[in-house]
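Take a look at the structure below.
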Amino acid sequence: MGKVLGNNLTDYALEEKAEEEFWQEYRQNRDPKIREMFIKQYAPLVKYVAGKVAVGMPHNVEFDDLVGFGVFGLLDAIDKFDPEKNVKFKTYAVTRIRGAIFDELRSIDWVPRSVRQKTREVEEAIGSLEAQLGRTATDQEIANSMGLDENEFIKTMMKISGTTMLSLNDVWFSGDENDKVSIGDSIESPSSLNPDVIVEKDEIRRVIVEALEELPDKEKKILVLYYYEDLTLKEIGQVLEVTESRVSQLHTKAILRLRAKLTNIRKGIV
């Protein structure tokens, strides 16, 4: 990173410093020049994430708007990044940028009211049914509980696919702001599928991991590939050897199922 940015920040002799040193320095003194350096260095990451999110979005959602939303996520990532947690900044920033975009999209409520209502109905049906069954509900069981046949249920899922999003940044909290725990923190890499790595001593983190583990295998893989590995729905379809539309439906079901599980758990522990 040094020589590219060194022309603008010769005072910091970037040629002679590793990026980790600048993170440590920024953590100590919050130097605005170092912050500006990181913003310039990682600005392309915002467009990259916005491009990924834009896939499958309605035409009324402008790419430039997504970029604008994502910038706030980058700034938040720079201010909150802790290099001592052994996570690469790029990995951390991608989650923050995507979360900022999704949060803003939800705040402006770009989804038609009828679709939003249908999404709530499916989520409530999943939550109620799985609480009764004590296990993951099948598509047929969900459809029956909603009074739909299989084809109607598929059409419903297609209608709400692409409009159902989950913010991974601030869903759950434990203690004060410094003890914040999010779903994004609990999604595991396929290379380290060991809950002990991420559980630490936190009960909230434990129930999030359990909720993820209880998802059907294919839905769990989609969440990991989309939110952790940063693959597009099309790329995930190639990995799982299914169509992009099928991935979109499974992604929607995974989110609704996870959100319903966490809602039920929250009611039980809060």
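The values are calculated or read from the model by the stated rules, or taken from the named source; none is laboratory data. These figures come from a predicted structure and were not determined experimentally. Cβ coordinates were reconstructed from backbone atoms using ideal geometry, including for glycine residues, and neighbour counts include every protein chain displayed. These accessible areas exclude ligands, DNA and RNA; they are computed on the full protein's heavy atoms, side chains included. Shrake-Rupley method; radii C 1.70, N 1.55, O 1.52, S 1.80 Å.
A few remarks follow.
- Those residues of the range 121-135 which are crowded, with 19+ Cβ neighbours inside 10 Å, small (Gly, Ala, Ser) and more than 21 Å from the chain's Cα centre (by Cα), in sequence order: Ala125
- Check on Pro44, modelled with pLDDT of 60 or more and more than 22 Å from Lys234 (Cβ to Cβ): no
- Lone qualifier among Ile78, Ile142 - being within 27 Å of Glu210 (Cα to Cα) and in a helix (DSSP H, G or I): Ile142
Here is a yes/no grid of residues against (1) basic (Lys, Arg); (2) over 18 Å from the mean Cα position of the chain (by Cα); (3) buried (at least 18 other Cβ atoms within 10 Å of the Cβ):
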| site | (1), (2), (3) |
| --- | --- |
| Asp79 | no, yes, no |
| Phe102 | no, no, yes |
| Ser114 | no, yes, no |
| Ala137 | no, yes, yes |
| Glu141 | no, yes, no |
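- Meets criteria (crowded, with 16+ Cβ neighbours inside 10 Å, under 27 Å from Val247 (Cβ atoms) and hydrophobic (A, V, I, L, M, F, W, C)) for Val49: yes
- Condition check for Val55: open to solvent by 50 Å² or more (accessible area, probe 1.4 Å), under 30 Å from Val115 (Cα atoms) and at pLDDT below 80: yes
- Qualifying residue in the range 123-137 (condition: in contact with an Asp or Glu (Cβ under 9 Å, 6 or more places away or on another chain), more than 29 Å from Pro44 (Cα to Cα) and at pLDDT below 85): no
- Verdict on Thr95 being under 21 Å from Trp23 (Cβ atoms) and crowded, with 19+ Cβ neighbours inside 10 Å: yes
- If the condition is being assigned to a helix (DSSP H, G or I), modelled with pLDDT of 85 or more and open to solvent by 10 Å² or more (accessible area, probe 1.4 Å), then the range 211-224 contributes Asp217, Lys218, Lys220, Lys221.
- Within the range 225-246, the set of residues being modelled with pLDDT under 85 and farther than 23 Å from Lys47 by Cα comprises Ser245 only.
- Residue in the range 21-34 that is open to solvent by less than 20 Å² (accessible area, probe 1.4 Å), among the hydroxyl-bearing types (Ser, Thr, Tyr) and in a helix (DSSP H, G or I) present: yes
- In the range 72-96, the residues that are over 16 Å from Lys40 (Cβ atoms) and basic (Lys, Arg) form Cβ pairs under 6 Å with partners that are modelled with pLDDT of 90 or more and assigned to a helix (DSSP H, G or I), at six or more places apart or across chains, as follows: Arg96/Gly73; Arg96/Asp76; Arg96/Ala77.
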